[in-house]
Structures are given as C-alpha cells and as structure tokens.
1. Please find, within the range 1055-1077, the residue that is modelled with the highest pLDDT out of those that are assigned to a helix (DSSP H, G or I) and of a type in the set (Gly, Ala, Ser).
2. So which of Gln435, Gln488, Gln498, Gln446 ends up being under 30 Å from Arg283 (Cβ atoms), open to solvent by 70 Å² or more (accessible area, probe 1.4 Å) and among the polar types (S, T, N, Q)?
3. Of all residues in the range 996-1030, how many are more than 18 Å from Glu936 (Cα to Cα) and not in a helix (DSSP H, G or I)?
4. For the range 881-909, enumerate the residues that are open to solvent by less than 10 Å² (accessible area, probe 1.4 Å) and either among the aliphatic types (A, V, I, L, M) or without any contact (Cβ under 8 Å) to a residue 24 or more places away in the chain (or both).
5. Test Ile224 against the criterion of being closer than 20 Å to Asp319 by Cβ, among the β-branched types (Val, Ile, Thr) and surrounded by fewer than 17 Cβ atoms within 10 Å (Cβ to Cβ), and give yes or no.
6. Restricted to the range 975-1000, and to residues that are among the basic types (Lys, Arg) and in contact (Cβ under 8 Å) with a residue 12 or more places away in the chain, which residue is surrounded by the fewest Cβ atoms within 10 Å (Cβ to Cβ)?
7. State yes or no: is Gly172 on the phi > 0 side of the Ramachandran plot, in a loop (DSSP other than H, G, I, E, B) and touching a Ser or Thr at 6+ places or on another chain (Cβ under 9 Å)?
8. Let me spell it out: the conditions are (1) surrounded by 11 or more Cβ atoms within 10 Å (Cβ to Cβ); (2) β-branched (Val, Ile, Thr); (3) assigned to a helix (DSSP H, G or I), and Thr416 meets all of them except one. Which number is the exception?
Amino acid sequence: MASLGNVGRASHKPERPRPSSSPQSASLRNNGGGAQGQPHSVRSKAAPSNSRRSVTPTSRTRSLPLDSDQESERVRVAVRIRPKNAEDLSDVDHADCVELQPELKRLKLRKNNWSSESYRFDELFTESASQKRVYEAVAKPVVESVLDGYNGTVMAYGQTGTGKTYTLGRIGKDDASERGIMVRALEDILAGTSVSDTIEVSYLQLYMESIQDLLAPEKTNIPIVEDAKTGEVSVPGAEIVKIRKLDHFLQLMQLGEANRHAANTKMNTESSRSHAILMVYIRRSAHEIEETDQEKGITTGRQGHHVLTIRKSKLLIVDLAGSERIDKSGSEGHVLEEAKFINLSLTSLGKCINALAENSPHIPIRDSKLTRLLRDSFGGSARTSLIITIGPSSRHHAETASTVMFGQRAMKVVNTVKLKEEFDYESLCRKLETQVDHLSADIDRQQKLRENEKNELKKLLEEFENSSAEAEKKFAVRSELLQKENAQLTSKMKELLQELDSQKEENKVLIDEVARLATSLNDIKCLEEENNRLEHDLNDAMDDLKHQKEQNIILCDEVARLEMNLKLDKQKQLDDSAYQKILADTTQMYEEKIADLTKKIGHENAQNSGAEEEMEKMKKQVADYHLLLEKSQVENSRYRKALADTTKMYEERIDSLNQRIEDERVHAGELEEELNLMKNLLHEHQTSSKASAEKELAELRMRLQEVHQLHEATTDELRLLHIQNKNLESEKAILRNELHAVRLTLQEEEKRRKEAETELIHLIKGVPESEDGFEEKVSYVNENITKSSALRSPQSSHKSSRSRETILSQRNTITKICEEVGLQKILSLLESGDLDVQTHAVKVVANLAAEDINQERIVQEGGLDALLKLVESSQNTTILRVASGAIANLAMNEVNQGLITSRGGAKLLATAASRTDDPQTLRMVAGAIANLCGNEKLHAVLKDDGSIRALLGMTRSGNTEVIAQVARGLANFAKCESRRIMKGHWRGRSLLMEDGGLSWLVANLKTASAPTRRHLELAICHLAQNEDNAADFINSGGVKELIDISDESSREDIRSLAKKTLRLSSFFRGENDGAQRLA
C-alpha cells in the first residue's frame, strides 16, 4: 500500500510490541511477538504520567480495571494468503516472496534470495485453509464475546484482489462451505439467542468519504453522531432491520452486495470501491444469558439479580477496500478519484494505528469518517480481530510488506474490553404496574379482613370481660381450697419427718445387717476354699480315671495280640493236621514198601518219635495258650465291668458336685451383689466424710507450710534489703555528686556548641550561593582547549574571568570557614532538622567538593554517605539539586567513583531522576552520571542499576543543558568502551544499544546545539568503531549520520575520526561507496 506505507516514516523492518505498564497487558502483548532473529528494537520514549492527551471515552487504559466486567486485550491479527492466480502462474520472472510457517505462527518475507525478514502473528492461514477454519479462529471468539454483552469488531485489510470480500462477505448460496464470516457470524448469533432477544442489522458503505446505506440506496451522506457523555458513535440515519431467520439475512446481503460500488481494474475484475461495514446490534436480557451459561455449565458468578438488566452489544464486520498503486491498477478518471479516497481513508487508519502502537498522546481519529466509525475498535472497548490478506508473488512485495507492517503495528494496540449492561426499564415498569395492581387488590382484601377481625375482636372482648368476672369468683373459691390443701400438706410434712426419723433407725439396723453379711461373706470365702479343694480332688479323680483308661487301652491291645496268637495257633493246627495226613499217606506208602526198606524204616521211626514228642509239646503249649486266653478274657470282662461302674460312679459324683457348685455360685453371686451394694453405700458415706475431712486437713497443712516458707523467705529478703539499702544510699550520694559535676560540664559544652553553631550558621549564610558548582569530567576534549579559548571573543573572556574570580572568592571564603569551624561540624549540619541550615550546609559541602584537595577529607569524614542519604530521602528540590551537584564533583575522582557505585549511588541517582522534573536538578544528576560513565570499570554496574536508562530518560525535560550532560555522558561511555575494545579487554554489542542510546543520538544529532552536537558526533564515532554495533547502525540510519559527520562536522578531529571509522569497517565501506555514487 503506497500511501499507508509512508505513515510515520515507518520502515519495513520488523518491530516488537511495546511492553505495557501492567503485567497483564505485557503478557497479552507478548503473545504476538515481533520479528525473530532481529536485534532488539529501540524503545521509544514513554509518555510521562502527567502528559495531556485528548480525553475521550476511547482513551486507552493500561492499568488493570477494578471491576470484573472489563479487561485489557490486544488486537488479534491473522494472515491469510490467497492461492496463486493465472497471472502469478504465468509470471515466471517473479518467485514467491512469502513463506508461511503455521506451526510456529511465523511469516517469512523475502526481499531477495539472500535477505528475508520474519514476523510472528496470532494465526496463519495457507492457500488451502477453509472458510470454516478461518471463521472459527478469527471471528468466532469475537462473536461469542458479543453474545456475552461485549462489543466486537472483525476487519479485513489488504491489497486489492487478495480475497478480503471472499473471506468476509461470501454468501455461499450454492455451496454452504464457502460462506464468509458475515453469514457464519449471523448463523451463530441466531443459534445462540432466544425469541425474546433482539437482533438488528445495518449494512453501510463508505464511498468517497460519504456514508451510504446498502439496504436503502436512497439514503446517502448519512451523518455520524457521537454521544457527548459516553463518546459512543452511531449512525442514526441508517436503515435498521430486525433479523429472525438466516434466509432473511441472506436476502439482505444479496441486496447490499448489489448496491455496493465495484469496478474493473488491472488488479481485480470486481474491485470494491468502497468500505463495507455490517453492523449487528444485539439486545439480550442478562437473566437469560445467565440461564444459557448455566445450561452450558458456565458459572458467571452473578447471582441474586433482583433488577432485570439488559446487555446491549454491537458487532462490526468491516470489509475494507483494497489499497492499490495507481501504476499497477491502471485507474483512470472516476475510478482514479475513488482510489484516492480509498487510499486517503486507509492512510488515516494507518496513522491512528501507528499512533496507538507508539502510545502517542494524540490520536488523529477525526481525519476520516472510517476512523470515526472504527473509534471503538482500536484503542476502545471492543474485542477486535484483524485478518490481513496478502498475495504470494514478489511482484507485489512492497504492498505485501506494507500490509504485514500494518498488522504488526495493529498487534500493539490494546483495547479495554467492557461489558455494557442497562436496566430493562420497560420490563421493570410492566412488572411494577402488575405488582401495584396485585398490591392494591391485596390492600382492599386486607382492609375487609381487618374490619371482620375488628368485629370479631369486639365480640371476643365482651366475652373476655364476662369470663374474667367468672374467673375472679372461681379464683376466690380456688384460693380457699388451696389454703386448706396447704394445711393438709403441712401435716403430711410432719408425718414425713417422723418417717424419716424411723428410716434413720432402720439404717442403723441395716448397718448391723451389713456387719452380719460381712461375717457371712467370710463363711462364703471358706465355702469357696472348700469348693476349690473339692475341685482339686475332682481333678485328681479325673486323672486316675484317665490312667485307668490308658491301662484299659493297654489291656485291649494285649487282648488283641493274644487273639492274633490264637489265630496263628489255629492256623498252625490246620497245618499240623495236613501234615499228619501227609505223614499217614507217607507211612502207608512206606508200609507197602516195608519189605524192601526195613533198615530205613527203623531210622524213620526214630525220627517220627522225635517229631511226635515235639508235636506233644506244641499241643501242650497250645492248650496253655487257650487257658491263658480264657483267663485274660475273664479278667478283661471283669476289668471292663469295674471300669464301667467306676466311670458311672464318678460321673454321677461329678454331676452332683457340678450342681452343688452351680447352686453355691448362684447363692454366692446374690450374696456378693447384696454385699457390694451395702459396701458401696457404706464406702460412699465414709469416703465423702473422710475425703472432705482429709481435704480440709491437707489444705490447712499446705497453707500452714506456705505461710511458714513465706515467712522465712520474707525474713531473709528483708535482711538483704536492709543491707542493699545501706549500699544504695552510699552509692546514691556518690552518684549525686558526680551527676551534678556532669550537668555543669554539659551545660558549659552546650553553651559552647550553641555559640559555635550560631557562628557557623552566620558564616555559612554569609557565603555567596553557587548551585552550579560542579565540574564536568570530560575525557575526550583535552586536545583543543587552547585553540577554543583563543577563539573566544574579548567580551566572553572578560565574563569568564569575572565568573572565575567570583568562584575563587567564594571558595576562599568557604575554605576559611572550613578551617575555622572544622569539616566535621559542617558535615554534622547536613542532618540538621532546620531545612534552611541543611540547605546552606549542603551548598558549602558542594563548593568544598569542587576542590580536589578537599574531596578525600569529605569522603573520610562521612560526607559521601551523608550526601547519598540526602539524595535518597530529601523531598526538597534545592537540597536534592545541590547534593547531586556535590556528588558530581566527588565523581571526578576515580577512587570516589568506585565508592559511589559500591554504596548504591548510581541507583540512587537514577531513582532521583525519576522523582523530579526540575531541569536544574536533572542537570546535576545527569552530570554526576556522566562523570561515572567516564570510568570503564563501572559500565556493567551502571547498566544493571538503570543509570543509562535514567540518563536517557532525563531528556524528557527538553532542557538544552540537561541534553548536553546526557550527550556528554554517552560520549564518555562510548569513548571508554571503544578504548576497552582496542585494548582487547572486552568484545560484544555496546551496552548502550539495549536502552536505545544509538537511536537517541541519531534522532537528536541534527537539532542539538553546537557543543552538544560535538558530544553526539563523538559518541556516534566511538560506537561505530565496534563492529558488533554495525547491524544497529544499519537498521537505525546511523551509517548515514556517520557519513554526514565525516563531511559536515565543524571539527577537523571529529571528521578525521569518522572517516577513519568508515574506512576501517568493512560493514560501512559499502554503504559509504554507495552514498558517494549517489552523490
């Protein structure tokens, strides 16, 4: 945009949003950032707190609001790049100049193949971004806030033919996905409101600085009206249409687009020749909004509204006409006039945005009707979203860069979003009328009820009077009856007392019974012992029984073993019978063969006889076993019978004993309960009487013991007090004498001190005042002092000689006072409570500090600390000025410079500069800081303490002397920094760059006086010798000023220094050659 790009001489370099004064606005501004990878931008001078600006309702407020219905929010800016058209695709000579990085929200703008700049925005949309995504990211948050009662603005800005009208005003009749922001916004508004809400729209165009109604084309040149109280801008002559359905709105949009001015240019076949503004007015009940929020799960925190309120909000959707260059658009005739008005209004808008971004005290809102209509959108109370549209081709690089810079400046604008609520007086009036009717009916009904109640009360009163007379009679009768009953109760009481006496006698009997029960309790204990003994016997019997059972078990085992043996014997008998049968068979066989085996039979017979003997023995043993088994079975049966009898006997005995024990236990429990009851009664009686007696006795003993101890302690203490009293009396007499002598001495000292102070005050007041008694430490102007002094006129030399003589006479007088009174006395007066005395004392110290011979003594005697304390705490302008001048004099010594900074003097001076606007005081403070800048060891401390920032901030006064001291300080700083770099002690970007030192030097070089200009030229030359500062020089225009210094400086040495710097620096050599070629 040609016309807007030159607003405020804004270059196309990236800018960073200025940090706001409040933490919240700072965080909001940092969401959008400036250029990436660029040097720190120069901080512009902050407007002073007492500066005047136009007081309008849209004045920007940087501090956080006190109520919860307003908040600071910066303008959000999005970028949308249009797809390439046929012309871009056919133009092979021009490559794309724009690169989008949506994930980083960064746009890179290429000037050529080796130079590019990057910018950060809130949203970036590529060529393929859908209309829905653009709406949800840019406009939907604004629409939602409008539904909540806030004003909102959505605006499109960009070169002609880049898709602004497509983004905002596309109707999408055939394809709903192509609908623009206007249609989608009304669709959401209709969905988010109820039947009782009111939605009205106006559709206007600003054509050649004339407001026309697109819905009623006959209305032209509609005036803008501003409310004198609220500053709200309105267009009362515009057609306002209520909207209920989206189809109705689409018809209105078609009507408006048909009436809008458009023309065919080289840049766009349907180029909009006017700015279109859609105004949507929403009127909602706050109660309904809260109900809607509660349905959505949103808690508004507003409860208990008893008065109905309505929220009025306004949504502006602005489709700006595209900026264009005449040579590219080919506009002629009437179209050329239209382009002039379009560029004029866009230029005015750019000026306002630029002024808001730079925090200017004056905003040129009234330069155009467009800026008046958008008054609330930038710097006002509306939530604003701006979408800038650009093309990809490098053929339009200048227009694209201008559009991008417009968006960057708009991101720095902060609006104070406010909620607008009003009382719903119409609904309230209707409700009140209804309530009045109901209340009137209630009053009539209550009056009738009161009359009925009054009649009933009269009847009740008569009945009460009658009943009260009867009650009095009944009361008299009742009183007589009560007296009789009282007499009867008295007699009964006497009878009860007699019964109580008899009860006491019974109690005595009970006590005897208790004694008897105690005896029976002893008997019970004996029974319990007998019971225990019986239980012991029972346990023994049980043990015996167990032993018998074990023996029975053993016998059973033995019986089982014998039965087994018996079975074995029977088996053996069976075997023997079989053996005998076999033997018989064998014998028979042998008898048949007896004839043949006679000899063998004899032998066999012998063997058979032996076997028979053994058989007889076995039979005998078996018979014995049978007898033994029978005996064991008989004995076992006998044992079993005896065991059964014994077990039965013991079981019967155990049952009887258990029954007896149980009876005894029950009886013992009953006796024990009775005994416990009696014991408790007796114990309570005895305990109560005994405890009270023992308690009283213990208390008496304790009191007696305490009294005895107290008596002994008092006697000892009294004895010691007598001794101490005697000692104190003797010491008192001695101290009285010493005190009297000290008082006399102090009186004499006080008298001498007052005389000395009076004399010192008279001497100080007699000294001629000189508040300018500080010298400048100039580290770089020692070369041509003789030459410059020779060039002075006789008149000026005569004046300087007279002023020198006056200063010498003043210093001689002050030196004489110092010798007579003493420096310590003078320094002590700096802490005097008398402001006049303190002022004269600090002036004397300042004049003494002007002499090198006195500076060491002043520091040693604590004068430096006293001066720093005055700078920190004094509210008097004169004392602050003179104390700063004294510190400036002390700062001419290198040792004192280190002491001043180590004790926080640099920070105190910076604070003092922010507390005052007096030019002379600022000159003294600037002189002190300038002297400190001449010490290269202190540069880092001065930067950290904010002294450099304070030094540059003091130029706000506009005083030439203050500016001269600031320039001298920067020159000292740059000179020392350059010397350190040449010696190889330090490298890096100058510390002055971060606080905007170079920008200030360049800005004031042409307007400063000759002496001040000499300081500025030297500072620029020395800063240029640091190669790390080259980028800052190129960006801020310092290279051009350095070239001018080499040609136009009034001093030869400065011109030589500038030429040498340009010659030696490879960065500046090319710039210098280019400038010479242009010349």
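The values are calculated or read from the model by the stated rules, or taken from the named source; none is laboratory data. Keep in mind that this is a model prediction, so the values were computed, not measured. Reconstructed Cβ throughout: ideal geometry from the backbone, glycine too, with neighbour counts over all protein chains shown. The area values use the complete protein model at the heavy-atom level, side chains included, leaving out ligands, DNA and RNA. Shrake-Rupley method; radii C 1.70, N 1.55, O 1.52, S 1.80 Å.
1. Going through the range 1055-1077, the residues assigned to a helix (DSSP H, G or I) turn out to be 1055-1064, 1066-1077.
Next, only the ones that are of a type in the set (Gly, Ala, Ser) stay: 1056, 1058, 1066, 1070, 1074-1075.
Numbers: Ser1056: 86, Ala1058: 83, Ser1066: 69, Gly1070: 60, Gly1074: 55, Ala1075: 53.
Checked the range 1055-1077; the qualifying residue modelled with the highest pLDDT is Ser1056.
2. Working: Gln488 fails: under 30 Å from Arg283 (Cβ atoms); Gln498 fails: under 30 Å from Arg283 (Cβ atoms); Gln446 fails: under 30 Å from Arg283 (Cβ atoms).
Being under 30 Å from Arg283 (Cβ atoms), open to solvent by 70 Å² or more (accessible area, probe 1.4 Å) and among the polar types (S, T, N, Q) holds for just one of Gln435, Gln488, Gln498, Gln446, which is Gln435.
3. Result for the range 996-1030: 6.
4. Within the range 881-909, Val882, Ala883, Ala886, Ile887, Ala888, Leu890, Ala891, Ile900, Ala906, Leu909 meet the criteria.
5. Values: closer than 20 Å to Asp319 by Cβ: yes; among the β-branched types (Val, Ile, Thr): yes; surrounded by fewer than 17 Cβ atoms within 10 Å (Cβ to Cβ): yes.
Criteria met by Ile224.
6. Of the residues in the range 975-1000, the ones among the basic types (Lys, Arg) are 975, 979-980, 983, 987, 989.
Those left that are additionally in contact (Cβ under 8 Å) with a residue 12 or more places away in the chain: 975, 979-980, 987, 989.
Working: Lys975: 22, Arg979: 16, Arg980: 16, Arg987: 10, Arg989: 16.
The extreme case among them is Arg987.
7. Details: on the phi > 0 side of the Ramachandran plot: yes; in a loop (DSSP other than H, G, I, E, B): yes; touching a Ser or Thr at 6+ places or on another chain (Cβ under 9 Å): no.
Considered against the rule, which asks whether it is on the phi > 0 side of the Ramachandran plot, in a loop (DSSP other than H, G, I, E, B) and touching a Ser or Thr at 6+ places or on another chain (Cβ under 9 Å), Gly172 comes out as no.
8. All conditions are met except number (3).
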